[in-house]
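Everything below concerns the one structure shown next.
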Amino acid sequence: MVRNSYQFGLPFFIGIFETPILPQKSITTEVRKSKFIIEAYENHNTQSVNIKIIGYIGGYSNEASDIRTIVDHAIKNGIRKADVFISSGGGSTIEAQGMVLELKKFDSVNITVGALAASAATYLLTQFPSSAYPESQLMIHKPSIETYGTADEIKADLKLLENTEKIYREAYAKAFNKTEEEIDELWKNDYWMTAREAKELGLIQNIITADIEWSEDVIDQLLACGAPKIPHGQSKFNHNKMDKNRIIAALGLAADSTDEQIYAALAEAKRKADVSADLTNKLGEVQKHKVQTLVNAAIADKKITADQKATYENLATADYDATEAALNAMPKIEALSGKIENPASFESVQDKEKWTYEDWLEQAPEAFEELMKKDKAKAMAIFNNRRK
C-alpha cells in the first residue's frame, strides 16, 4: 500500500497515474497526459544553477530525489546559488517539502513562477524569494488525501494529513504575515490569486514585466486545476523558439531577466564576438608573416631546402618556439668555395721540382693535368719515376 500526503489542484488518488483524474469542476475538456520534467543548467558565469520544474510535483521525474541530484552536483562544482523556474499545478506535499530541504543547501535561491503555481507548488514560494509574471496565477488550499485500509491505517493517514496541514498553515501564515486562524478562513476553498494579489499577500515579492510563453501543457494544467482565467487563442506553442532558460544561462543573466536585458546581452555578445574575430584575423596574419620569415631565413642559410618549406611552415604554425629552436640548432652551411683552397695551378708549383708523381696526385692533381698539356715530356718523366 502506497501512503503519502498529496496536495493537488485536482483530486488525485494515492499512487502514480499516467493521466490525472479529471477535475470535479464544470470543465468538460479532456486533460491529456503531460510531461513532468525537471531540467537544470549550470551557469558558471554567474556561479548559479538554473532549475526548471514543470508539471505535478512527485510525478514521473519531478521528485525531491531529482532535485537532490542536481543540488549535490552543483555544490560539488562550487556553485552555491540557484534560480528556479516553476510552473506546476501542485502534487505531493511531502515531495514539495523534500525539494525545499534540498534547495536550502544552497546559500541563495530565487524562484520565478511561470503560468501557474498552485497547491503544493506554492510551498516553495513561502520558503524563498519569489517573482511571478503579471499573467501568472497562484492558488492555495488545504492538503488533502485519499486513502483506504483498516480503521487504524486510516487513523494513521489522518494524523499524517493533520501534521502536513499544520506545516503548510504555518508556512502560509508566516509568508502572508497573518494568523493561522486567518489562514484557515482563507483556504476553506481553493483560493486563487493574480500575481498582484499574491504580492500584496506576501507569497511573492516581485512582478516581472515581460511576456510569458503559453504552452499547451501549461494551459491543460490551468484547466485541470480549475483556474479562473484561461488564456484563449494562445495554446499553439512555438517549438522553434529556443528555450529561454538555456539562453539566460548561456548569457550569465539572472533567471528573471527581461527580454530587453536578453536582447542587450545578445547584442553585446555579438559585438565582442566580432571584435574577437577581427583580432584573431589580424593576429593570424602577424603569425603567418613571422612563420614565413623564420622558414625563409633557414632556407637562405642552407639549413633546409626549398622543397621543405611547407613542412617547416606547418611545424612553426603549430609550435613556433619549438620549430625556431630546432632551426637555430642546425649548422649554417657555408659555400664550399669558402672552405677549399683554389686548386694549385701550373704556375704555382714551378718551385716544386722535387715533387714525385705521388705528391702531385695527393696535393695538386689538377695542376698535374695542366702540366701534361703544357709540358708533356716533363710530366711523363715524373710519371715514369713514380714508385713501383
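The values are calculated or read from the model by the stated rules, or taken from the named source; none is laboratory data. What you are looking at is a predicted structure, and each value in this text was computed from that prediction instead of being measured. A quick note on method: Cβ atoms are made from the backbone with ideal geometry, for glycine too, and the neighbour counts reach across all protein chains shown.
Spot the failing condition for S136; the list is (1) at pLDDT below 95; (2) touching a Gly at 6+ places or on another chain (Cβ under 8 Å); (3) over 30 Å from I262 (Cβ atoms), and only one is missed.
The failed condition is (3).
If you go through region 179-205, how many residues are touching an Asp or Glu at 6+ places or on another chain (Cβ under 9 Å) and either assigned to a helix (DSSP H, G or I) or farther than 15 Å from A118 by Cβ (or both)? First the steps, then the outcome.
From region 179-205, those touching an Asp or Glu at 6+ places or on another chain (Cβ under 9 Å) are 180, 183, 193-195, 203; that's our starting set.
Now narrow it down to the ones that are either assigned to a helix (DSSP H, G or I) or farther than 15 Å from A118 by Cβ (or both): 180, 183, 195.
Looking only at that region, the number is 3.
With the requirement that a residue be over 30 Å from T209 (Cβ atoms) and among the polar types (S, T, N, Q), what does region 56-114 give you?
Correct list: S61, S65, T69, N77, S92, T93, Q97.
Taking T317, is it loosely packed, with under 14 Cβ neighbours inside 10 Å, hydroxyl-bearing (S, T, Y) and either at pLDDT 85 or above or assigned to a helix (DSSP H, G or I) (or both)? Steps first, answer last, please.
Numbers: loosely packed, with under 14 Cβ neighbours inside 10 Å: no; hydroxyl-bearing (S, T, Y): yes; either at pLDDT 85 or above or assigned to a helix (DSSP H, G or I) (or both): yes.
Criteria not met by T317.
Checking the conditions here, which among A210, A227 is assigned to a loop (DSSP other than H, G, I, E, B), within 30 Å of T164 (Cα to Cα) and modelled with pLDDT under 70?
Numbers: A210 fails: within 30 Å of T164 (Cα to Cα).
When all the criteria are applied, what remains is A227.
Within region 150-171, identify whether any single residue is among the aromatic types (F, W, Y) and either over 19 Å from L116 (Cα atoms) or part of a strand (DSSP E or B) (or both), and answer yes or no.
First, the residues of region 150-171 that are among the aromatic types (F, W, Y): 168.
Restricting the remaining residues to those that are either over 19 Å from L116 (Cα atoms) or part of a strand (DSSP E or B) (or both) gives none.
No, that holds for no residue.
Among the residues of region 82-107, what is the count of those that are in a strand (DSSP E or B) and in contact (Cβ under 8 Å) with a residue 40 or more places away in the chain?
Residues of region 82-107 in a strand (DSSP E or B): 82-88, 90-92.
Adding the requirement that they be in contact (Cβ under 8 Å) with a residue 40 or more places away in the chain leaves 83-85, 87-88, 90-92.
Counting residues in region 82-107 that are in a strand (DSSP E or B) and in contact (Cβ under 8 Å) with a residue 40 or more places away in the chain gives 8.
Listed here are the residues, each with its yes/no results for (1) buried (at least 18 other Cβ atoms within 10 Å of the Cβ); (2) closer than 22 Å to K188 by Cβ.
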| site | (1), (2) |
| --- | --- |
| Y123 | yes, yes |
| Q127 | yes, no |
| A132 | yes, no |
| S136 | yes, no |
| H141 | yes, yes |
| I145 | yes, yes |
| T150 | no, no |
| E162 | no, yes |
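Table: residues versus (1) modelled with pLDDT of 80 or more; (2) in a loop (DSSP other than H, G, I, E, B).
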residue: A322; (1), (2): yes, no
residue: L327; (1), (2): yes, no
residue: P331; (1), (2): yes, yes
residue: S345; (1), (2): no, yes
residue: D359; (1), (2): yes, no
residue: R387; (1), (2): no, yes
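Among the residues of region 272-326, what is the count of those that are of a type in the set (S, T, Y) and within 30 Å of L251 (Cα to Cα)?
Start the filter on region 272-326 by keeping residues that are of a type in the set (S, T, Y), which leaves 276, 280, 293, 305, 311-312, 317, 320, 323.
Still in the running and within 30 Å of L251 (Cα to Cα): 276, 280.
Result for region 272-326: 2.
Could you say whether any residue in region 64-87 is surrounded by fewer than 24 Cβ atoms within 10 Å (Cβ to Cβ) and closer than 16 Å to Y172 by Cα?
no
Among the residues of region 108-118, write down those that are surrounded by 24 or more Cβ atoms within 10 Å (Cβ to Cβ), touching a Phe, Trp or Tyr at 6+ places or on another chain (Cβ under 8 Å) and either without any contact (Cβ under 8 Å) to a residue 60 or more places away in the chain or farther than 16 Å from I204 by Cβ (or both).
If the condition is that a residue be surrounded by 24 or more Cβ atoms within 10 Å (Cβ to Cβ), touching a Phe, Trp or Tyr at 6+ places or on another chain (Cβ under 8 Å) and either without any contact (Cβ under 8 Å) to a residue 60 or more places away in the chain or farther than 16 Å from I204 by Cβ (or both), then I111 is the only one that fits.
Which residue pairs have Cβ atoms closer than 9 Å, lie 6 or more positions apart in sequence or on different chains, and pair a first residue in region 274-294 that is at pLDDT 75 or above with a second residue that is of a type in the set (D, E)?
K288/E313; V291/E313; Q292/E313; L294/E313; L294/E324
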